[in-house]
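Derivation of every value follows stated rules applied to the coordinates shown; laboratory data play no part. Since the model is a prediction, treat every value here as computed from it, not as a measurement. Every residue, glycine as well, gets a Cβ built from its backbone with ideal geometry; the counts of neighbours run over all protein chains shown.
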Amino acid sequence: MFAVFFILQDTDKLNDLLDGWEEAGSPGVTILPSIGLASLKEKRALQEDFPIIPNLEDLIESSLNHTRTLFSLVKTQEVIDALYKSTIDVIGDLDQPHTGIFFVLPVH
């Protein structure tokens, strides 16, 4: 058994990525909001500018700035390969900056 993880930078591609993972054989995907250290430090620096009583637009913008971490438990290397190919098809070259990070861990 393997845990497949992908940290998605461009959340506009989330639905296409989920569709691709489903077609590639993922039995299910857990999606977590996440934030990187650089973004967190930037947000801390900007907190002085954050309104005491935010409006709806501020709250929506804040939630959209987070990355998403996806993970799925799969049984075979073939499914891992299919998930990776599907990820590349949706996201593009992961060697480019601000795309995402794909990794796999064995689990028991």
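Quick notes on this one:
- Phi angles of the stretch 97-104 translate, via the Karplus equation with coefficients 6.51, -1.76, 1.60 and θ = phi - 60°, into HN-Hα couplings of x, 6, 9, x, 10, 10, 8, 10 Hz per residue; Gly and Pro are given as x.
- Local electrostatic count at Thr99 - Lys and Arg +1, Asp and Glu -1, tallied over other residues with Cβ under 11 Å: -2
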